[in-house]
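The values are calculated or read from the model by the stated rules, or taken from the named source; none is laboratory data. The structure presented is a predicted model; accordingly, all values stated were derived computationally and were not measured. Cβ placement follows ideal geometry from the backbone for every residue including glycine, while neighbour counts extend to all protein chains displayed. These accessible areas exclude ligands, DNA and RNA; they are computed on the full protein's heavy atoms, side chains included. Shrake-Rupley method; radii C 1.70, N 1.55, O 1.52, S 1.80 Å.
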Amino acid sequence: MPSKPRIVVALGGNALGNTLPEQMQAVKTTARIIVDLAASGLELILVHGNGPQVGIINNAMTDYANHIKSTSLTPLSVCVAMSQAYIGYDLQNSIHEEFLTRGIEPPPIATMLTQTRVDADDPAFQAPTKPIGTFMTQEEAREAAGERGWVVHEDAGRGFRRVVASPQPQEIIELNAIRAMVEDGSLVICCGGGGIPVIQQGCHLSGAVAVLDKDLAASLLADSLAADILLILTTVEKASLHYRQPDEQFLDQLTVSEAEIYAKAGHFAPGSMLPKIQAACSFVRNHPERRAIITLLDKAADALAGRTGTLIKEG
Ligand code: ADP
Ligand code: MG
C-alpha cells in the first residue's frame, strides 16, 4: 500500500477563537475539518497558534502575582507551555468525539508539549515586536517597565502593551518523539504557538522571553518530517496583492521567486501574511515535489483538491 501523503496543518486563530467559550465552540468546527481530511486518507500533524490564549494566561498569572506579593511572575515560556496543554486538550477531546460520532475508530490522538530552540543572538531579541497581554495606561506601562523590566510599546493608539521578541525557530527539540508517534499512526498536535522558546546553554535549555510564530515553526516541522504538503489554514481564502485595495488581486499560484518579489514590494503584512509566505517559501525552496497552500479553514479539502487557495511551489 502506498504511504499516505504527509501534511502539516497550521491552524490559525480562527480555528480556536479568542476566549475560553469561543474556543470550546470553534474546536468543534475545526475537528470536523480535521476528521474530513484524516478520513480522506491523509497523514496529519497539527500545529496551532496561541496568541489570545497565551495573552489570557500571561494576564491571569500577572494578576495573581500582583495580588499575592510573595509569588513570582510566571515566565512567558511557562505560559506558552500552559497554552499548548490547554489547547491540546480541547483539540484532542473534540477530534476524538468527531471520529466516534461518525462511527470511525479514532487513531491515537496526542499532544506533544514542544520546545523550539532559538538563537540567543537572534536580532529579534534586540527589537521585540509581538504585543501580548492587556492594554495599559502610560502610567501602568512605566511601572511595568520599571518593576518587571518589560519592554512596553504604544499599540496603534489603543494604549500601551508589553511587546516580546519573536525570534526565528531553529530546531524542534521533541522532533524524534513527534516522528515516532506520527509513524506509529497517531494524530499528533505539536509545536503549539510555535513551540516553547528555549535557548541552549550547555546541557540546559533555558526558557526564553519570546512568543514564536506558529507558521514558521510549522514550516520547520514540515521540513524536518519531510512532509509532502504544508497547509496553512487561516481567515482568507487566498493571499492577495494590493490587499483590501480596489485593485486587489487574489493569488492562485506563486513560485518562490515570485513570492519573494511580492514580499519585498510589501504586499504581505508583517506579523500576519508575511510569515505565512516565508513559511511556505522556506518549506518548498529547492524541493519541487513539495507544495504549500494558504487558504480558509473551511476550504481545506477544496484547496487540497486544487480548487482554491494560494498554492506556493518551487519554480
Ligand atoms: P492566523 O491566526 O491564521 O495566523 P493572521 O491574522 O496572523 O491569522 O493572518 C491572516 C491575515 O493576514 C488575514 O486575515 C489578513 O487580514 C492579513 N493579510 C495581510 N496581508 C495580506 C495579503 N496580502 N493577503 C491576504 N491576507 C493578508
Ligand atoms: Mg498569525
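Data for the structure
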item: Cleavage-rule hits (trypsin sites (Lys or Arg not before Pro)) in segment 283-315: DSSP loop, at most 10 neighbouring Cβ within 10 angstrom; result: ARG307
item: Expected 222 nm ellipticity per residue - DSSP helices of 4 or more, -39500 (n - 2.57), all of the chain, to 500; result: -12000 deg cm²/dmol
item: For the chain, share of DSSP beta bridges that run antiparallel, in % to the nearest 5; result: 40
item: Förster radius 35 Å - calculated FRET efficiency between THR29 and ALA177 (Cβ-Cβ, nearest 0.05); result: 0.75
item: Globularity index of segment 275-315, i.e. its alpha-carbon radius of gyration over 2.2 N^0.38 Å; result: 1.13
item: Using θ = phi - 60° and Karplus 6.51 cos²θ - 1.76 cosθ + 1.60, couplings along segment 149-162 (whole Hz; Gly, Pro as x); result: x, 6, 8, 10, 10, 6, 10, 6, x, 9, x, 10, 9, 5
item: Space enclosed by the convex hull of the alpha-carbon atoms of the chain, per residue, Å³; result: 155
item: Kirkwood hydrodynamic radius of segment 51-182, Cα pairs, Å; result: 17.4
item: Accessible surface, per residue, of segment 148-220 when the full set of protein chains is kept, probe 1.4 Å, Å²; result: 40
item: Fluctuation leader among GLN23, GLN249, GLN170 - the chain, Gaussian network, Cα springs under 10 angstrom; result: GLN249
item: Relative intensity, log₁₀ I(q)/I(0), of segment 1-123 from a Debye sum that treats every alpha carbon as a point, q = 0.12, 0.15, 0.23 Å⁻¹; result: -0.55, -0.78, -1.35
item: Cα gyration tensor category, rounded, prolate or oblate, for segment 159-315 with a/c compared to 1.5; result: oblate
item: Kirkwood-based Rg to Rh ratio, segment 1-63, C-alpha trace; result: 1.12
item: P(r) histogram, all alpha-carbon pairs of segment 116-189 included - 10 Å bins from 0, percent; result: 18, 30, 22, 18, 10, 1
item: Spherically averaged projected area of segment 176-238 from its Cα convex hull (nm²); result: 5.8
item: For segment 18-129: accessible area per residue (Å², 1.4 Å); result: 49
item: Segment 107-238: antiparallel DSSP beta bridges as a percent of all, rounded to 5; result: 60
item: Along each principal axis, Cα extent of segment 155-195, largest first, Å; result: 50, 20, 10
item: Separation of the GLU139 and ASP302 label points, Cα + 7 Å toward Cβ, nm; result: 5.2
item: Separation between Cα centres of segment 227-290 and segment 107-175, rounded to whole Å; result: 24
item: Nitroxide proxy distance, nm - points 7 Å out along Cα→Cβ at SER224 and ASP121; result: 2.3
item: C-alpha center-to-center spacing [segment 179-210, segment 48-79] in angstrom; result: 20
item: Percent carbon-and-sulfur accessible area, the chain, ignoring ligands, DNA and RNA, probe 1.4 Å; result: 52
item: Over 18 Å between alpha carbons, listed pairs LYS130/LYS276; LYS214/LYS299; LYS130/LYS313; LYS28/LYS299; LYS130/LYS264; result: LYS214/LYS299; LYS130/LYS313; LYS130/LYS264
item: GNM flexibility winner over the chain from ALA208, ALA222, ALA265 (Cα, springs under 10 Å); result: ALA265
